[in-house]
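The values are calculated or read from the model by the stated rules, or taken from the named source; none is laboratory data. It should be emphasised that the depicted structure is a prediction, and the values quoted were computed from it without experimental measurement. Cβ placement follows ideal geometry from the backbone for every residue including glycine, while neighbour counts extend to all protein chains displayed. For accessibility, only protein heavy atoms count, side chains too; no ligands or nucleic acids. Shrake-Rupley method; radii C 1.70, N 1.55, O 1.52, S 1.80 Å.
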Amino acid sequence: MIGMNKELLSVSSKERVNQTYKIETENLNAWFGTKQALKDINIKIRANSITAIIGPSGCGKSTLIRCLNRMHELVPSAKVSGKVFLDGVDIYSKNVDPVIVRRRVGMVFQKPNPFPTMSIYDNVAAGLKLNGIRDRKRLDEIVRKSLEQAWLWDEVKDDLDKPGASLSGGQQQRLCIARALAVEPEVLLLDEPTSALDPIAASKIEQLIVSLKRDYTIVIVTHNMQQAARVSDYTAFLYLGRLIEYDVTAKIFSNPREELTENYIAGRFG
Amino acid sequence: MAYIKDKGGCSRIMQTYLVRKFKDKFAYAVCLACVIVAVIPLGSILFEVTKNGLPALNMEFFIEGPRAIGEPGGGIANSIQGTLILIGLTSLIGVPIGILSGIYLAEFGNNKFGKIVRLTNNILAQFPSIVIGIFAYLTIVLLIGSFSPLAGAIALAIIMIPIITRTTEESLKLVPNTLREASMALGIRRWRTIMSIVLVSAKNGVVTGIMLSISRIAGETAPLIMTILGSQWFFSGLTEPMDALTLRIWRLALLPYDYAHTTGWGAALVLIIIVLSLNILARILTRSKFVLRGV
Amino acid sequence: MDENMKYPPKFFLSVDDFFKYILGIISGLVVLTLFFMVLELFRHSLPVLSLKFVFGVNWNPVVGSEEYGILPYILGTMVTSVIAIVVGVPISLGIAIYLSEMAPNFIRTTLSFIIELLAAVPSVIYGLWGLFIFRFWVRDFIEIPLSKYLGFLPIFQGEPFGLDILTAGLILAIMIIPTVASVSREVLMAVPNSQREAAYSLGATKWEVIRLGVLSYAKSGIVGAAILGLGRAVGETMAVTMVIGNAIGAAALPTSLFKAGQTMASLIANEFNEADPTSLHPNALVGVGLILFVLALTVNLFAQVLVWRILKIKEGAVE
Ligand SMILES: Nc1ncnc2c1ncn2[C@@H]1O[C@H](COP(=O)(O)OP(=O)(O)OP(=O)(O)O)[C@@H](O)[C@H]1O
Ligand SMILES: [Mg+2]
């Protein structure tokens, strides 16, 4: 599988960098029209780790993770410069197909966005069908597994053919998580995945995230400091489009280098 | 991607990927082809009307009425006159009613009655115009006992009103509420506020609607068949048949003479110039898209 | 002290209320018109209305042996409209998809403009073009090949001539394209971007995004747009009248696409001025108008509801 992507992401070996990092950015800048949302971001994200991105509203958290799977460029007038390496290959280089990038780097959005007219089953199976998996038994299996992982299976197992829109907001968000998990990406980008959930569902999702660490590299945007402290291995603090501090989570929360970070974590602004 | 790996699916995924890429390109090509297929008729119509219509245009064509059937020569001046009279009469009826009911819907129409009026207008805007023609025949022509430009104008007004009503309503709604409030705060009455301030600041939209509706009714044929009938003569009163460009084109096209076809194409050229220039002008006046929906 | 003395009774409406009611009455005129339309059509067609009128196939306006059956024209309307939908809707959908999802901005504006112009061309000019130009395209490029290779099928029976049901249906298809395409485009543009992003994030190609994220969401609105097109096709008169060949009675039954036919609207256009006022012929034609009215009203109401529903979603959500 990796071999195929390498082929598609083939870039001269000179550009390859250290492989222990799953994702690395190099002077990443992003704009909306003339407004710059990200400024010279350099961040290295380790494979099989959970990285939390925190920062006040509007600081560019969503924009950053949307640059990691080339979703940012879908906004009209949006622009990106700099490099993002996935397994050492720059996903922004010319001969890379964003379709493959997004296939490898899955995403769950801030607002739940299931396909409302599709059945719950089809929502989860959508990505699989795209990749040519048609075998009903296999589909059943994966749909079930994904829904179980997202803690949704018990609630929906009897109405798999109901439309996605018939679920509650929190259930819809878990459906979106299941949908993202079903295609088994290598990296999972989560944009405030629990903001629409009740505390119980939220804590289940947190457990899920931790358990996924074995197979996935996870980047999670969150406004919830406790959540960041509970689940993540590394934490990045973003402010006004700049990466202020990035370190091991324990360090960020106990003994941050920057005063800005300390103030933010202490709840003095944002 | 364990489930793919253990089935040795690497090359299969690759295959699927290539097929998907192909489908993507193919879909793009198909959509583009649809566009081209739709544009061809327009291109051909404009080309043919110009090519076949131009030779018919000369002085006589614009100042004379038709000769006896079968005799070449003559013009379509009476038809042009008829169409202009129809446009005038119809506007006289349709424009005030259309604007006023548009105002009602925008300013007071947030109730059940407003909903019914809106629905009725939407229905009439898409309604078979020949049925409207029959209605005008049954009420006006039978009443006054003869074909009449007035009956034609009433039929066309029923087509015109929904268009003007909708564009007026939508452009009034775009006027910010602060303008209304500011005016009322000055002690100006509601009705004066609406008529002199709101309506004036929405005038572009309203004028667009009027022009679009005129462009639409100028091209109508079916409701004229049973209301103004068509005639060889110039306008001779409100209780006599009258001609119109559209009717003339139809009648000429069905005659078995070449000269008639040439004159028909010429009339079509005149008509299409009137209709399209009004239409284009209207769209240039307001570049917003609300007016364009389904009109 | 008497209350009425303190507050003299108000006999007149305030100016503003008066204004409002006058406007209300004026805007109510269209409702009244529609109401009277039904009434008048019904009143005048009463003498001919019967089951035999709707299901009969013979049409004979000669006084003494009068007989009015309109089944062939109802079927003619249906067949030509179905051809229009089957051919026109997919093309319109392709255009709408191209305009809303694929075209770069400057092409989008120009192209939308051109499509709108297509809607502005008067139907009698479509008829003229159909009669002298399009008819030969249909005959030479569609009918002759079809009759050569599939001529054994009953629907392709007869000598290709170009003035027939197929040409009428195809010209209707061209005429409904602007309506269906521009309404569908609006419906597609009303689909929230989060739907597209959802599909993209699964690694979908552009086309798959359109299929998963856009079309599945906009389904009912597109059906509405198609039905709106159907409404237009059903009532379209002049262009059809000029190319359909105008058959009468049993000969107008649409048994083959290569046969001259007749629709309800074209029948009215062709015969209204020739009808003898002392016979039932005018009443029969009004009756045809009534059936057309009912058909168009049903189709239209249905379409309005479907299109409304989806465009309302857009008004509600600020995405
Ligand atoms: N579609 C857009 N068009 C223009 N500017 C945008 C757009 N989306 C975001 N921005 C701007 O870019 C900046 C970064 O936005 P972003 O969504 O990344 O913030 P965020 O950190 O995710 O905030 P939140 O915590 O509220 O989700 C903001 O200042 C915002 O105003
Ligand atoms: Mg965000």
**Item:** Test set (1) within 16 Å of ligand 1 (Cβ to nearest atom); (2) open to solvent by 70 Å² or more (accessible area, probe 1.4 Å); (3) closer than 18 Å to A:Trp151 by Cβ - A:Arg242 fails condition number
**Value:** (3)
**Message:** If I go through the range A:56-71 residue by residue, how many of them are among the β-branched types (Val, Ile, Thr) and within 6 Å of ligand 1 (Cβ to nearest atom)?
**Reply:** 1
**Request:** Go through the range A:40-59 residue by residue and tally those that are within 23 Å of A:Ala228 (Cα to Cα) and open to solvent by 10 Å² or more (accessible area, probe 1.4 Å).
**Result:** 8
**Asked** When only residues in the range B:157-192 that are more than 10 Å from every other protein chain (Cβ to nearest Cβ) and of a type in the set (Ser, Thr, Tyr) count, which is nearest to C:Ser14 (Cα to Cα)?
**Response** B:Ser183
**Request:** Look at the range C:37-75 and say how many of its residues are within 14 Å of chain B (Cβ to nearest Cβ), among the polar types (S, T, N, Q) and within 17 Å of C:Thr255 (Cβ to Cβ).
**Result:** 0
**Complete:** In the range C:257-273, anything without any contact (Cβ under 8 Å) to a residue 40 or more places away in the chain and open to solvent by 10 Å² or more (accessible area, probe 1.4 Å) is listed as C:Asn270, C:Phe272, C:Asn273
**Prompt:** In the range C:180-218, what residues are under 29 Å from the mean Cα position of the chain (by Cα), of a type in the set (Ser, Thr, Tyr) and open to solvent by 10 Å² or more (accessible area, probe 1.4 Å)?
**Reply:** C:Ser182, C:Ser216, C:Tyr217
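Among B:Val275, B:Val270, B:Val206, which is the only one that is within 10 Å of chain C (Cβ to nearest Cβ) and surrounded by 16 or more Cβ atoms within 10 Å (Cβ to Cβ)? Give the derivation first.
Values: B:Val270 fails: within 10 Å of chain C (Cβ to nearest Cβ); B:Val206 fails: within 10 Å of chain C (Cβ to nearest Cβ).
Being within 10 Å of chain C (Cβ to nearest Cβ) and surrounded by 16 or more Cβ atoms within 10 Å (Cβ to Cβ) holds for just one of B:Val275, B:Val270, B:Val206, which is B:Val275.
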**Asked** Is the range A:95-103 home to any residue that is more than 13 Å from ligand 2 (Cβ to nearest atom), more than 18 Å from the chain's Cα centre (by Cα) and buried (at least 22 other Cβ atoms within 10 Å of the Cβ)?
**Response** no
**Fill in**
Picking from B:Gly98, B:Gly74, B:Gly109, B:Gly102, the residue that is open to solvent by less than 20 Å² (accessible area, probe 1.4 Å), more than 14 Å from chain C (Cβ to nearest Cβ) and among the small types (Gly, Ala, Ser) would be B:Gly74
**Request:** Considering every residue within the range A:70-86, establish whether at least one is open to solvent by 10 Å² or more (accessible area, probe 1.4 Å) and within 15 Å of ligand 2 (Cβ to nearest atom).
**Result:** yes
**Request:** Taking the residues in the range A:198-227 that are touching a helix residue (DSSP H, G or I) at 6+ places or on another chain (Cβ under 7 Å) and within 16 Å of ligand 1 (Cβ to nearest atom) as candidates, determine which candidate is farthest from the other protein chains (Cβ to nearest Cβ).
**Result:** A:Met225
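Give the residue, chosen from A:Pro185, A:Pro193, A:Pro114, that is within 16 Å of ligand 2 (Cβ to nearest atom) and either within 17 Å of the chain's Cα centre (by Cα) or open to solvent by less than 20 Å² (accessible area, probe 1.4 Å) (or both). Don't jump to the end; show me each part of the working.
On the way: A:Pro185 fails: within 16 Å of ligand 2 (Cβ to nearest atom); A:Pro114 fails: within 16 Å of ligand 2 (Cβ to nearest atom).
Exactly one of A:Pro185, A:Pro193, A:Pro114 is within 16 Å of ligand 2 (Cβ to nearest atom) and either within 17 Å of the chain's Cα centre (by Cα) or open to solvent by less than 20 Å² (accessible area, probe 1.4 Å) (or both), namely A:Pro193.
I'd like to know if the range B:41-52 contains one or more residues that are touching a helix residue (DSSP H, G or I) at 6+ places or on another chain (Cβ under 6 Å), more than 9 Å from every other protein chain (Cβ to nearest Cβ) and farther than 30 Å from C:Leu230 by Cα. Can you show your working first?
So the first thing to find is which residues in the range B:41-52 are touching a helix residue (DSSP H, G or I) at 6+ places or on another chain (Cβ under 6 Å), and the list is B:41-42, B:45, B:48-49, B:52.
Now narrow it down to the ones that are more than 9 Å from every other protein chain (Cβ to nearest Cβ): none.
Within the range B:41-52, none of the residues are touching a helix residue (DSSP H, G or I) at 6+ places or on another chain (Cβ under 6 Å), more than 9 Å from every other protein chain (Cβ to nearest Cβ) and farther than 30 Å from C:Leu230 by Cα.
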**Item:** Subset tally (residues that are among the β-branched types (Val, Ile, Thr) and not in a helix (DSSP H, G or I)) for the range C:38-85
**Value:** 5
